[in-house]
Amino acid sequence: MQVITSLSTSFSKLKIFILFFGIIFLMCSCENKKNKITKKKNNSNEIKKYIAKADYFYDNNKHDSSLIYYNKAALALSNPHEDYVNYVYVLSSMAELLSIDSDYASSEELLTRTLPYLSKIKKPTYARNVYSYIAYNYYNTYDYENSLIYHKKALRLPGSPYKKALILNDIAIVYIAQEKYTAAIEILQLLTSEKIIYKKKPLYSDQFHANVLVNLGYCYLCQKQPIAIKYLNEGLKKNKKINNEFSLDYNYKLLSQFYQNSNSKLALIYAKKSYEQASLVKSARNKANSLAQLVRTSDGNDLKKYSQAYIKIIDSITEGRRRAKNQFANIKYISQKDKKENLLLKTDKIENELELQRENNRNNILYLIITLSLTTLLFLFYYLISKGRKEKIDAVYKSEARISNKLRTELSYDIYKTLSFAKRKDIEEKDNKEKLLSLLNNIYLKTRNISKENSEILTNENYEIGLKEMIASYANSHLNIIINGLNTLSWSKIDRVKKITAFRVIQEIFEQMKTLNNASLASITFKKFQKKIIITYTDNGTKFNGEQSILQKRLQNVENRIETIKGTINFDANSESGFKISIKFPI
């Protein structure tokens with residue numbers, strides 16, 4: 001953090017010096033002369049070609065190639081204010097691809113960059129897509145309330161009946177995730193009452209109608225109503241007729257769930273069909289869901305085989321998300337590098353043209369001094385950039401090593417334990433089967449938590465929302481969390497490094513406390529006092545029994561982080577009142 005801060009300060013000073021000397025240089029070299037105005041390169045055709053190629057690969061499900069060409073188009077869009085329509089389209093398309101690869105943090109970052117331009121675009125399609133993608137990201141990260149907010153924003157925009165119906169179906173899906181089945185059924189019944197036609201692509205109308213029928217069947221299935229089978233079969237009939245590959249596996253899985261308790265053979269048949277269909281469309285997430293259903297409906301050697309396959313595909317998904325994140329980081333790095341190189345080339349070109357306009361009235365001595373000064377400053381500028389890049393590479397290596405170590409230490413034992421359990425126990429028994437599913441789910445939750453812990457932290461106006469979401473993610477059926485005073489602080493006035501440090505410190509405290517005691521209620525309070533931020537964490541845990549030395553050892557990383565921003569931490573463990581941790585750092 002200190003290296004980054006010092007580099008930022010150095011760069012700021014260099015910019016001031018360059019600007020100062022540059023003004024004097026221009027005054028001396030351009031007096032009594034007309035400046036030549038260089039025409040900007042018109043690269044609109046190049047941008048259109050990149051977008052056309054990206055769209056082609058997208059339509060053919062070649063997402064990696066599509067992302068590369070969308071990124072090339074984004075690089076060519078050097079000034080978003082001049083072509084904000086293509087800028088919004090390209091970034092929202094990239095965000096959609098990253099969301100498909102489960103890189104929701106990077107997707108959210110790109111979508112946030114499009115928001116200032118939405119009001120400038122007359123066509124509501126762009127804003128509707130951005131709002132919908134943001135809603136999907138919230139849905140996939142289990143923030144259903146914010147997902148509904150953005151779906152409803154998209155719904156309020158002008159649009160055709162088909163587009164409105166798509167959004168209503170998405171809203172119903174969120175209600176299903178919230179277990180508000182009655183509200184979802186009301187929407188889905190309305191959508192099935194009359195077939196909505198998409199004139200441009202009639203096949204989409206059939207696919208949508210089939211999906212709505214399946215979703216309605218799922219709602220009734222969750223309510224344990226026999227009518228569910230009617231809608232599931234109707235949906236299956238339509239999906240088969242139009243060969244709706246991306247919905248058939250889900251359709252089969254729900255049918256398997258319907259017969260799971262009443263007809264185990266039929267449930268197994270549908271589970272296998274679900275897995276076969278998921279394999280055809282090459283969707284890792286769908287295959288994982290289908291394998292989970294096969295585990296529930298299988299027994300004997302098949303159960304063991306499907307359980308091992310499930311563990312393997314979960315590991316594959318985790319690795320895929322890591323690669324997607326690294327790929328996007330590389331794309332951002334290349335983008336920034338190209339922009340800097342383009343800027344330097346433009347600066348050199350302007351300086352060369354100005355040199356041709358020199359007149360006899362220029363003071364040769366002053367010109368020589370300024371030239372030497374600029375050369376020295378540019379040398380320092382390049383040196384600091386080179387040094388910063390090297391430090392960035394070292395930081396990335398250390399971060400990857402830390403994540404790798406955490407995956408090894410936290411998951412290797414759980415995976416070994418799960419495999420041992422599958423070998424030693426008779427997993428045909430219901431209790432053993434449920435325990436196996438619990439162990440598998442625990443592995444999945446840990447991998448997801450590690451992914452969240454290492455995701456990028458937004459320090460803009462959305463910082464408060466991100467911090468609140470992170471804290472709320474630790475709440476569950478056994479632990480309630482109360483947040484006080486978060487919105488009373490002016491986070492926009494707090495230094496970026498301090499905000500990141502505070503975020504990681506709070507995250508580390510909750511991560512350690514969930515394993516240290518058996519608290520059922522935790523509270524975190526934020527307040528400002530005498531130009532200091534005070535954060536107080538308390539809970540009613542009793543398991544730790546006051547052994548402060550162990551507590552201090554476990555929270556050593558928290559102390560180290562706080563010290564980097566000149567802060568202090570005090571903590572106390574008491575068997576009667578639980579934990580209390582107080583953090584202070586200057587604003």
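Residue-wise test of (1) of a type in the set (Gly, Ala, Ser); (2) on the phi < 0 side of the Ramachandran plot; (3) modelled with pLDDT under 90.
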{"site": "38", "(1), (2), (3)": "no, yes, yes"}
{"site": "45", "(1), (2), (3)": "no, yes, yes"}
{"site": "55", "(1), (2), (3)": "no, yes, no"}
{"site": "65", "(1), (2), (3)": "yes, yes, yes"}
{"site": "72", "(1), (2), (3)": "no, yes, yes"}
{"site": "77", "(1), (2), (3)": "no, yes, yes"}
{"site": "84", "(1), (2), (3)": "no, yes, yes"}
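Considering only residues in segment 547-579 that are farther than 22 Å from residue 478 by Cβ and small (Gly, Ala, Ser), the one that is modelled with the lowest pLDDT turns out to be 549. Can you tell me which residues in segment 147-179 are among the small types (Gly, Ala, Ser) and not in a helix (DSSP H, G or I)? Hits for segment 147-179 are 159, 160. The single condition among (1) within 24 Å of the chain's Cα centre (by Cα); (2) surrounded by fewer than 14 Cβ atoms within 10 Å (Cβ to Cβ) that residue 279 does not satisfy is (1).
Answer yes if at least one residue in segment 139-162 is surrounded by 14 or more Cβ atoms within 10 Å (Cβ to Cβ) and within 19 Å of residue 206 (Cβ to Cβ), and no otherwise. Yes, that holds for at least one residue. Any residue at all in segment 135-142 that's in a loop (DSSP other than H, G, I, E, B) and modelled with pLDDT under 95? Yes, some residue in segment 135-142 is in a loop (DSSP other than H, G, I, E, B) and modelled with pLDDT under 95. Taken over segment 180-206, the criterion of being of a type in the set (Asp, Glu) and either surrounded by 14 or more Cβ atoms within 10 Å (Cβ to Cβ) or outside any loop (DSSP other than H, G, I, E, B) (or both) is satisfied by 186, 206.
Can we say residue 90 is touching a residue at least 12 places away in the same chain (Cβ under 8 Å) and either assigned by TED's automatic domain parsing to the domain that holds residue 466 or crowded, with 20+ Cβ neighbours inside 10 Å (or both)? Taking the combined requirement at face value, the residue satisfies it.
The values are calculated or read from the model by the stated rules, or taken from the named source; none is laboratory data. Quick caveat, the model's predicted, so the values are computed rather than measured. Counting neighbours? That spans all protein chains shown, and the Cβs are built from the backbone with ideal geometry, glycine included.
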